[in-house]
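Enquirer: Sharing a structure below in structure tokens format, with a few things to ask.
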Amino acid sequence: MNTFWKTIGLYNSATWICQLIIVVTGLILTILLIRKDSPKVKLSMKIYLTTVYLWISVVYYLIYCAERSYNTLMALFWGVMTIAWLWDTITGYTTFEYNKRYKTFAYILLLLPFIYPLFSLLRGLNYPEITSPVMPCSVVTFTIGLLLLYSRKVNIFIVLLLCHWSLIGLTKTYFFKIPEDFILASVSIPALYLFFKEYFIRDLHKDTKPKAKYINGLLILMCILIGVALVSSLFFELTYDA
């Protein structure tokens, strides 16, 4: 646990200016997407998301979380999501079509990343060893909110990867005593239900690339491998810290 918060402190101290730029850029793009909804803004948002996911994979996990025993595994996971967003950017599969049906819940999710650092401060933590808006669980919460706001046609592969990450975040709440991650875990379950509800209502399962059966098989295999590797890594991490 000491290693966990130490790496967070190093990350926040060294990258706070970059994090601020990332947050402001995301805020501007989100406002533009809601107000203008133009093809250029949609493309810019996808490029932004691809960049942020790459940042988490390389800068957060590979560089500043190098002391953690499971950093390479998590970097690979976020690398996969980066590739998924890059593929979506190239193909234009996720169309960012506004869906007002879930707008209240979606707006709440978009605001939650800003709650993470406040929650850390309220429970007695001090900067720089606090959660920030540009950390994995915060980014996932923001992405789920964004996709829910534009859920008419989304990349279901990305959605399932995001929800799988939510389960990973749930394990950290116990092992590393991070109650902030209960935020992500608690919202991901209703969000997953709404995504699949919209998915089947719109009959989008007939319009997936690759085919649904291959997506399901890939996700099952990935979840098994990540689950086994994660449990093993957490065990060795806790043994090492003890």
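Enquirer: Test of understanding: among Leu29, Leu20, which residue is loosely packed, with under 14 Cβ neighbours inside 10 Å and either touching a Ser or Thr at 6+ places or on another chain (Cβ under 7 Å) or closer than 16 Å to Pro113 by Cβ (or both)?
Expert: Every option except Leu20 fails the conditions.
Enquirer: Tally up the residues in region 93-120 that are surrounded by fewer than 17 Cβ atoms within 10 Å (Cβ to Cβ) and within 15 Å of the chain's Cα centre (by Cα), please.
Expert: Matching residues across region 93-120 total 2.
Enquirer: Next up: Sort out which residues of region 44-90 are farther than 17 Å from Phe4 by Cα and of a type in the set (Asp, Glu), and write them in order of number.
Expert: Asp88
Enquirer: Shifting gears a bit: Suppose we filter region 114-141 for residues that are more than 24 Å from Leu49 (Cα to Cα), out of contact with any Gly (no Cβ under 6 Å at 6 or more places or on another chain) and not charged (D, E, K, R); how many remain?
Expert: So the answer is 8.
Enquirer: If I go through region 39-54 residue by residue, how many of them are over 17 Å from Val154 (Cα atoms) and either among the basic types (Lys, Arg) or surrounded by fewer than 20 Cβ atoms within 10 Å (Cβ to Cβ) (or both)?
Expert: 3
Enquirer: Taking Asn2 as the residue in question, decide whether it is more than 28 Å from Tyr193 (Cα to Cα), more than 15 Å from the chain's Cα centre (by Cα) and buried (at least 16 other Cβ atoms within 10 Å of the Cβ).
Expert: no
Enquirer: Moving to a separate point now. Does Leu76 meet the test of being in a helix (DSSP H, G or I), surrounded by fewer than 17 Cβ atoms within 10 Å (Cβ to Cβ), modelled with pLDDT under 95 and not acidic (Asp, Glu)?
Expert: Criteria met by Leu76.
Enquirer: Of Leu20, Leu62, which residue is more than 19 Å from Thr82 (Cα to Cα), in a helix (DSSP H, G or I) and among the aliphatic types (A, V, I, L, M)?
Expert: Answer to the check: Leu20.
Enquirer: Need the failing condition index for Ile90 against (1) aliphatic (A, V, I, L, M); (2) part of a helix (DSSP H, G or I); (3) surrounded by 14 or more Cβ atoms within 10 Å (Cβ to Cβ), just the number.
Expert: (3)
The values are calculated or read from the model by the stated rules, or taken from the named source; none is laboratory data. Everything numeric in this text was worked out from a predicted model, so none of it was measured. Positions of Cβ are backbone-derived with ideal geometry, glycine not excepted, and every protein chain shown enters the neighbour counts.
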